[in-house]
Amino acid sequence: MKFVEDLSRNISRGISNSGYNAKGLAAQLAKAAESKAFTSPRFEGSGRPSPIFLTSSILITLSYAVDFLDSRNAWTAGQRNAVIAWGNRLDKNQNKQKSPSRDSVAAFAAARMAWGTATDQSSVFKNGLRSFKRTGRLLTREGYFERNPRDNNEVVGLMVLAAAAARGFGQEVAALSFKGTTLHDAVAAHSENTIRIGPKEITEGDTGHTGRYLKPNGYASHLAWIPVYLSQYPRTPASASVRRLEKTMRRYSRNAYNGTSLGGYTGCLWK
């Protein structure tokens, strides 16, 4: 999605360049907030990207933006409040999805925990934490959220992002145990399973799309969660599996890490 990719690219540039025009980016976001961009989700039928899932992705990227602009003191009077009000409306739109899929619930967790952390809204964060725990209760003893490995990959990535965001809020949720299984266990199990699968094409359970997810970039089927995990948990037992997975993936692609579902260029945003 162009908005996510463009905003993420701008934040990445700003992080690496002290002379970046952060005030200009703040003005652009304030203008988008004023126009209520993306606040009227449109459902386009079977096989199309879920507008609510995309809303979660936008909110994740907006969280990065608020955090970056705060660090640069880039806001002028009223801009930050306008952007937060806009983001809160996007957050409420996530409630419009009836009977959300497992990956959607994980996306709610990631978006709300990231947005709550970036804007210091404990109620938003707690709503996300409820979705995190709801998803965690789906874990099997083997460490899978979904039996379909491509579907499981989407959930793993979003849960990793949620856990990383929670650390910014002072909470360590990756080690929460769900009947003896943690997110770290899930990451290790999924990494080893993906290494075994390799570049094989897998059909997605809900949309029917077929393709490989052993790649660093994509809309939802990608491994752009790898730098998020390794930036936060570089020395866990699971990190060894994640590094083996990364090495395997790099045999097939040297593209930059860029996952729309995780807010864009994770390789730059999570270092």
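The values are calculated or read from the model by the stated rules, or taken from the named source; none is laboratory data. Quantities reported herein were computed from a predicted structural model and do not represent experimental measurements. Here Cβ is always computed from backbone atoms with ideal geometry, including for glycine, and neighbour counts include all displayed protein chains. SASA here: full protein model, heavy atoms, side chains in, ligands and nucleic acids out. Shrake-Rupley method; radii C 1.70, N 1.55, O 1.52, S 1.80 Å.
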Practice item. Measure nothing fancy, just the Cα-based angle from helix 2-16's long axis to the longest principal axis of the chain, in degrees from 0 to 90, nearest 10. Key: 80 degrees
Review point. When we measure straight from the Cα of residue 179, which aspartates and glutamates land under 17 angstrom away, once same-chain ones fewer than 8 places off are left out?
Key: 142, 146
Practice item. Pick out, in residue order, every one of the trypsin sites (Lys or Arg not before Pro) in the range 127-208 that is DSSP loop and has at most 16 other C-beta atoms within 10 Å; say none if there are none. Key: 137, 141, 147, 179, 200
Check your understanding: Given H placed on each backbone N at 1.01 Å, which residues far from residue 202 in sequence or on other chains put an amide H within less than 5 Å of it?
Key -> 211, 212, 213
Check your understanding: Relative contact order (percent) for the range 1-116, with alpha-carbon contacts under 8 angstrom and 6 or more residues of separation?
Key -> 36 percent
Review point. Which of the lysines could a cross-linker span from residue 126 if the Cα-Cα distance has to be under 21 Å and same-chain partners fewer than 8 positions apart are dropped?
Key: 92, 96, 98
Exercise for review: Check the straight Cα-Cα distances from residue 200 and name the aspartates and glutamates below 13 Å, setting aside those fewer than 8 residues away within the same chain.
Suggested key: none
Check your understanding: If you roll a 1.4 Å probe over the range 1-144 with all protein chains in place, what percent of the accessible area is carbon or sulfur?
Key -> 47 percent
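When Rg is the radius of gyration of the Cα atoms in the range 144-271 and Rh is its Kirkwood radius, what does Rg/Rh come to? Don't skip to the answer; put the middle values down first.
Details: Rg = 13.5 Å, Rh = 14.5 Å.
Looking at the range 144-271, the ratio lands at 0.93.
Quote the relative contact order of the range 149-271 in percent (integer), defining contacts as alpha-carbon pairs under 8 Å separated by 6+ residues. If you can, show how the numbers build up before the last one.
Numbers: 181 pairs, mean separation 34.8, N = 123.
Dividing the mean separation by the residue count of the range 149-271 yields 28 percent.
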Check your understanding: For the range 51-66, what does the Karplus curve 6.51 cos²θ - 1.76 cosθ + 1.60, with θ = phi - 60°, yield as ³J(HN,Hα) per residue in whole Hz, taken in order and with x for Gly and Pro?
Key -> x, 6, 4, 5, 4, 4, 5, 4, 5, 4, 5, 5, 5, 4, 5, 4
Revision key, fill the gap. Relative to the chain, whose Cα atoms define the longest principal axis, helix 122-136 and its Cα axis are tilted in degrees, nearest 10, by 20 degrees
**Study point:** Calculated SAXS-style log₁₀ I(q)/I(0) at q = 0.07, 0.09, 0.17 Å⁻¹ - the chain, Debye, Cα scatterers
**Key:** -0.22, -0.37, -1.39
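Where Rh denotes the Kirkwood radius from the mean inverse Cα pair distance, what is Rg over Rh for the range 61-128?
Working: Rg = 12.7 Å, Rh = 12.5 Å.
Reported Rg/Rh (Cα atoms, Kirkwood Rh): 1.02.
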Revision key, fill the gap. Out of 56, 104, 71, a Gaussian network model of the chain with alpha-carbon springs under 10 Å gives the largest mean-square fluctuation to 71
Point to revise | On Cα atoms only, tilt of 102-119 relative to the major axis of the chain in degrees | key: 40 degrees
Exercise for review: Can you tell me the relative contact order of the chain? Whole percent, Cα pairs under 8 Å, sequence separation 6 or more.
Suggested key: 19 percent
**Study point:** Residue range of the chain that is longest and free of chymotrypsin sites (Phe, Trp or Tyr not before Pro) which are both DSSP loop and sparsely packed (at most 15 other C-beta within 10 Å)
**Key:** 44-251
